[in-house]
1. Using Cα pairs under 8 angstrom and six or more residues apart, how large is the relative contact order of region 52-183, in percent?
2. What distance in nm separates the two pseudo spin-label positions at Val202 and Asp71, each 7 Å out from Cα along the beta-carbon direction?
3. Putting +1 on Lys and Arg Cβ atoms and -1 on Asp and Glu Cβ atoms, find which of Gly230, Ser155, Leu243 reaches farthest to the positive end of the dipole of region 33-252.
4. Whole Å is fine, so just give me how far the alpha carbon centre of region 161-203 lies from that of region 108-143.
5. What spacing in nm lies between the two simple spin-label points modelled at Arg226 and Thr117, each 7 Å away from Cα in the Cβ direction?
6. Which cross-chain or sequence-distant (5 or more) residues have an amide H under 5 Å from the amide H of Phe248, H modelled 1.01 Å from N in plane?
7. Calculated FRET efficiency, Leu133 and Asp194, Cβ-Cβ r, R0 22 Å, to nearest 0.05?
8. Quick one: plug the Kirkwood hydrodynamic radius of the chain (C-alpha pairs) into Stokes-Einstein at 37 °C, 0.692 mPa s, and report D in µm²/s.
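A short reminder: the numbers here are calculations on the coordinates, not readings from a lab. These numbers come from a predicted model, not from an experiment. As a convention, Cβ positions derive from the backbone with ideal geometry for all residues, glycine included, and neighbour counts pool all protein chains shown.
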Amino acid sequence: MARILSVATGLAMTMAAGPATAVPRRIDEVRYDGSMISPALVADRTSHARHGAVLTANGGRVLSLPGGTGDLFLRFPAGSCPAAPCPQAVVRPSSSQALMPRDGTGRFSFGADLRLTAEPPPTAGMNVWQFGLAGAGHSQWKLQVDQGRPSCRWSDGTGTVLLPAHGYRLAVGRWHRLRCARLSPVLFEIRVLDPVTGAAIVPPTRAITRLGPILPKGSALVGGKRVDAGHHDEQTDQFHGDLDEVYFAWSWAAY
């Protein structure tokens, strides 16, 4: 079982890594900043051009809308839907294989800026950004905001780290920056930040446990775990609200 640590001040990486680790070089593999090439394609702003196909059912859409400063964000189907048919929409990157750094053992981080536009569903999950499915034998990394509470999940198919942000509940109408990171083979972290100032809204939380290679199968998805016209929110974990700066990145650094 993971040891969970609350980090009120800076915590040295030597906690898990030993002395003197190299400063990591961050490499963005995908970043969706709110721009769309067409109603069916979300633009990746990195040089990799891993644009995201919009998959929909029952009238669901992903819209690119301007914020107060003119920056664009992505709007997913609003409200909640306890019974099918439900408006559904997710974004699938054109390639997911680069989202498994260094054979599944390297440092990596993922996250998004997020705003809830209504109270979250009381029983259904809301998946923001994931690769792989939950369950025995399945590798996965995932950011979720079930019932409005952020958490990160990593699994190598045998062991799992599920890391909540101190039980913090997202306020409707406020932008939050959520960050999940595997900092070393044994150290995992979630951060909830103010996207304007970069300041922590709650202290970071870290967990210490050892996982093997994280090698998800299938396709990474933004906004839910599947699209199925016959399913409702509890079966699809559809995200309801706004997303911006959705990213996955890995780092070159010695542990």
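1. Relative contact order for region 52-183 comes out at 21 percent.
2. 2.3
3. Ser155
4. Computed from Cα coordinates, the inter-centre distance equals 13 Å.
5. Result for the modelled spin labels: 2.6 nm.
6. For Phe248, the qualifying residues are Glu29, Val30.
7. On the way: r = 32 Å, r/R0 = 1.45.
The pair Leu133/Asp194 has a calculated efficiency of 0.10.
8. D = 180 µm²/s.
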